[in-house]
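Take a look at the structure set out below.
The values are calculated or read from the model by the stated rules, or taken from the named source; none is laboratory data. Here the structure is a predicted model, which means the values were calculated and not measured. Heads up, the Cβs are rebuilt from the backbone with ideal geometry, glycines too, and the neighbour counts pull from every protein chain shown. Only protein heavy atoms, including side chains, enter the accessible area calculation; ligands, DNA and RNA are left aside. Shrake-Rupley method; radii C 1.70, N 1.55, O 1.52, S 1.80 Å.
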Amino acid sequence: MQEDAKLGPEAHYQAQLNQGRFLIQRCSDCARHVFYPRVICPHCGGAALQWVEAGGAGMVYSTTTVRRKAEAGGDYDVSLIDLDEGVRMMSRVEGIAPTEVKIGMRVRARVIDQKGAGLVVFFAEDGK
Amino acid sequence: MSLKDLRGRIAIVGVGTAGCGEAHGMSDLEILGQAAKAALDDAGLALKDVDGLCTANLNAAMWPLNVVEYLGIRPKFVEGTNVGGAAFVAHQLPAMLALDAGVCDVVLVCYGSTQRTSSFGRKERSAARNLLDPEPFQAPYQPFNPPSSYALIAARHMHQFATTRRHLAEVAVAARKWAQLNPEAFSREPLDIETVLKARMISDPFTAYDCCLVTDGAAAYVMTRADRARDLQKQPVHILANATAVWHRSVSSMQDLTVTPSKESGERAFAAAGLGPKDIDMLQTYDAFSINTLLALEDLGFCKKGEGGSFVEDGAIAPGGRFPVNTNGGGLSCVHPNMYGAFITIEAVRQLRGECGERQVEGAKTAVVNGNGGNSASSQSTSVLATADVL
Ligand SMILES: [Zn+2]
């Protein structure tokens with residue numbers, strides 16, 4: 001983490017993801033978590049944002065299947081995931097058909113490599 | 001001074017559209033110019049009378065400069081804030097303040113886009129926009145925007161309430177039925193609920209019929225103080241109030257996917273107008289997607305949260321229904337040239353003047369105009385318009 005000390009929060013987040021680590025921020029002033037990474041807490045306006053390891057557990061808040069021709073790669077999922085820390089992010093649920101992703105489904109994060117960059121995706125819990 | 005002090009003091013006195021549908025061989029500025037001329041002719045004014053300008057465009061960051069130069073005007077008041085398609089409703093409050101303060105006398109609000117027929121296609125433009133204005137925390141997941149963001153909103157609404165795809169289809173079919181009464185509308189062939197339900201999915205739960213049209217089109221309207229409006233050729237339509245609320249940019253930052261900023265803009269606009277939903281004769285709301293109409297009905301208080309679906313059942317917002325919504329056919333069936341906010345304003349004015357022929361809402365005296373902007377109902381701007389006898 002030290003080597004990225006000069007990077008802004010957005011670049012630091014990505015640099016950590018590129019090394020397989022999923023970090024989010026937590027505000028020392030209001031104790032709430034923050035995503036996406038910022039220099040100012042959007043909840044309280046404070047600047048005391050600390051990096052913490054994301055627990056990785058969350059729930060599907062909403063989901064859509066984007067329809068795409070098979071030759072272009074086929075249909076895929078786009079979901080909004082609420083992490084247990086109380087922050088929301090866009091991602092996709094992998095490992096099951098996109099139309100099988102349901103609101104309320106418990107999911108767990110995994111950092112994958114997509115086109116040379118670290119990316120957070122989710123897999124359904126309880127073996128689904 | 002408060003919003004309430006501006007009630008009715010400013011009126012819309014001229015409206016015009018041009019190039020709606022397909023404007024082959026024309027540029028954004030060319031059809032904008034035609035619409036501006038039509039709006040000024042309608043008011044009985046000329047370009048030389050215009051000393052205030054409100055305009056925005058998705059492609060040009062400094063669009064007011066393009067328009068000033070093209071029209072050959074030297075406005076004393078320029079407003080180019082772009083909050084998305086709601087902009088041309090949101091422009092009203094700054095224009096009202098400037099007019100009321102005497103900073104200027106005649107404000108032209110105008111927009112034009114030939115996105116449908118332009119040789120510089122949609123794909124290139126959206127790639128350019130992603131490059132210039134990235135969404136780094138969404139882009140890697142390739143949401144097909146704007147449909148996917150509104151689809152996420154619709155999916156959540158369906159999960160949380162008893163909203164169904166059939167309810168969304170009711171919205172699309174009602175819009176089409178109004179469009180069939182509007183000679184200016186682009187899509188006028190018959191449409192039924194089964195056709196909507198059976199159509200190919202774009203981004204679940206939306207089929208193409210849940211998504212707005214991609215057309216060309218230009219729209220302009222003219223604002224002036226009520227005292228001056230009385231001497232012009234058309235019956236003025238007074239702005240009782242306008243309020244704008246902006247809550248987020250991206251759908252992943254939208255706090256509650258089932259509640260839009262219309263909740264706030266509507267409350268502020270109704271309070272300043274001294275009217276409530278029960279006093280309103282029609283709603284002209286920005287239906288970028290079928291879900292938008294349900295959200296607007298709920299957030300503006302025409303029904304309770306979660307009851308938008310049952311509200312629109314059985315043709316309730318279609319011609320002959322109990323509450324007229326989007327009487328021009330909306331963005332779903334009339335016209336949608338990227339940013340549509342000026343068109344809903346114009347339809348409300350035409351209705352309140354009684355100029356709408358077959359689709360005229362008889363005896364209409366009040367209308368709510370509700371603009372939607374951004375990829376996820378990010379900005380909303382609500383106006384209450386009325387004829388002089390409501391003042
Ligand atoms: Zn804080």
Kindly indicate the residue of segment A:41-75 that is under 22 Å from A:Val107 (Cβ atoms) and among the acidic types (Asp, Glu) and also nearest to the ligand (Cβ to nearest atom) among those meeting that condition. A:Glu53
Given segment B:77-191, what helices (runs of 4 or more DSSP H) lie entirely inside it while holding 3 or more residues that are open to solvent by 20 Å² or more (accessible area, probe 1.4 Å)? B:92-100, B:122-132, B:147-160, B:165-179
Out of all the residues in segment B:338-376, which are within 10 Å of the chain's Cα centre (by Cα) and in a loop (DSSP other than H, G, I, E, B)? B:Met339, B:Tyr340
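Condition check ((1) among the hydrophobic types (A, V, I, L, M, F, W, C); (2) over 24 Å from B:Phe311 (Cβ atoms)) across all residues:
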site: B:Pro134; (1), (2): no, yes
site: B:Asn145; (1), (2): no, yes
site: B:Ala162; (1), (2): yes, no
site: B:Arg165; (1), (2): no, no
site: B:Asn182; (1), (2): no, no
site: B:Leu197; (1), (2): yes, no
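Could you check segment A:62-80 and list, in sequence order, the residues that are acidic (Asp, Glu) and in contact with a strand residue (DSSP E or B) (Cβ under 8 Å, 6 or more places away or on another chain)?
A:Asp75, A:Asp77
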Before we move on, is A:Arg110 in a loop (DSSP other than H, G, I, E, B), open to solvent by 50 Å² or more (accessible area, probe 1.4 Å) and at negative phi? no
Within segment B:59-76, the residues that are touching a residue at least 12 places away in the same chain (Cβ under 8 Å) and open to solvent by less than 60 Å² (accessible area, probe 1.4 Å) are B:Trp63, B:Pro64, B:Asn66, B:Val67, B:Val68, B:Leu71, B:Ile73, B:Pro75
Name the residue that is farthest from the other protein chains (Cβ to nearest Cβ), counting only residues in segment A:92-107 that are among the β-branched types (Val, Ile, Thr) and not in a loop (DSSP other than H, G, I, E, B). A:Val107
Quick one: would you say A:Gly55 is over 25 Å from A:Asp77 (Cβ atoms), in contact with an Asp or Glu (Cβ under 9 Å, 6 or more places away or on another chain), surrounded by fewer than 16 Cβ atoms within 10 Å (Cβ to Cβ) and modelled with pLDDT of 95 or more? no
Do we have B:Arg249 as in contact with a helix residue (DSSP H, G or I) (Cβ under 8 Å, 6 or more places away or on another chain) and among the basic types (Lys, Arg) here? no
The correct count of residues that are touching a Leu at 6+ places or on another chain (Cβ under 6 Å), within 14 Å of chain A (Cβ to nearest Cβ) and within 29 Å of B:Gly19 (Cα to Cα) in segment B:101-146 is 0
Note on segment A:1-35: residues open to solvent by 80 Å² or more (accessible area, probe 1.4 Å) and within 16 Å of the ligand (Cβ to nearest atom) are A:Arg26, A:Asp29, A:Arg32
Which numbered condition B:Leu45 fails, given (1) surrounded by fewer than 18 Cβ atoms within 10 Å (Cβ to Cβ); (2) farther than 24 Å from B:Glu124 by Cβ: (1)
Can you tell me how many residues within segment B:44-65 are in a helix (DSSP H, G or I) and farther than 28 Å from B:Ala377 by Cα? 3
